[in-house]
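Scroll down for the structure; my scribbles are underneath it.
The values are calculated or read from the model by the stated rules, or taken from the named source; none is laboratory data. A quick note: this is a predicted structure, and the numbers were derived from the prediction, not measured. As a convention, Cβ positions derive from the backbone with ideal geometry for all residues, glycine included, and neighbour counts pool all protein chains shown. Heads up: the accessible areas ignore ligands, DNA and RNA and are worked out on the full protein's heavy atoms, side chains in. Shrake-Rupley method; radii C 1.70, N 1.55, O 1.52, S 1.80 Å.
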Amino acid sequence: MNPLESRRTALVLIDLMPRIIALETAPLSGSVVLERSAALAAATRSAGGLVVNVRVDRPGVEVQPEGSGFAPEAAPQPGDLVIVKQTIGAFGRTPLDTELQSRGIANVVLAGIATNFGVESTGRAASDLGYETFFLTDAMTGLDDHAHNFAISYVFPRLGTVCTTPEYLKALS
């Protein structure tokens, strides 16, 4: 993996919310993804990159279900960008693209839950919009093992770079 210019890199964390983290997932538990994502966020901030915290609100309801905020370990920090979506992906009907462009972001690095929903939808849009897109396969999980493995082995290589957390951290430093 080639070095990444940290100031042009955004780590986009998808749906790290208690109600999503608690779902039955595979191959990793939501708590493992949360722990890895929190460490990735700290490293990205430390290197001067942008952390984007994405959560979903259910459309058309006045009160969101319990557990709809960010998990404490994934709470936005000063300088982070917060995106609240009402679609599967983080780009649809949100200001994410405009915000990334205004910050000179060229690289979108994805982690979170669920691989084959929010992560994949966001990755497809990032690729379509011309971002260099990276998928951190050991910091995401699917609603089942088959769907996760299909996405990381068949879909993601066609959209961007499939890599691991250590590879990303090495490229970022």
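Structure above, values below:
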read-out	value
Ala75 being more than 16 Å from Thr165 (Cα to Cα), modelled with pLDDT of 95 or more, open to solvent by 30 Å² or more (accessible area, probe 1.4 Å) and of a type in the set (A, V, I, L, M, F, W, C)	yes
Residue that is farther than 21 Å from Asp15 by Cβ and hydroxyl-bearing (Ser, Thr, Tyr), where the choices are Tyr168, Tyr154, Tyr131	Tyr154
Residue within the stretch 93-114 that is β-branched (Val, Ile, Thr), surrounded by fewer than 16 Cβ atoms within 10 Å (Cβ to Cβ) and either in contact (Cβ under 8 Å) with a residue 24 or more places away in the chain or not in a helix (DSSP H, G or I) (or both) present	no
Residue tally, condition among the polar types (S, T, N, Q), open to solvent by 20 Å² or more (accessible area, probe 1.4 Å) and within 22 Å of Glu132 (Cβ to Cβ), over the stretch 2-34	2
Qualifying helices (runs of 4 or more DSSP H) (wholly inside the stretch 125-173; at least 1 residues being modelled with pLDDT under 95 and buried (at least 22 other Cβ atoms within 10 Å of the Cβ))	165-172
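Residue-by-condition table, conditions (1) exposed (fewer than 14 other Cβ atoms within 10 Å of the Cβ); (2) in contact (Cβ under 8 Å) with a residue 60 or more places away in the chain:
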site	(1), (2)
Arg36	no, yes
Val51	no, no
Pro59	yes, no
Glu62	yes, no
Glu66	yes, no
Phe70	no, no
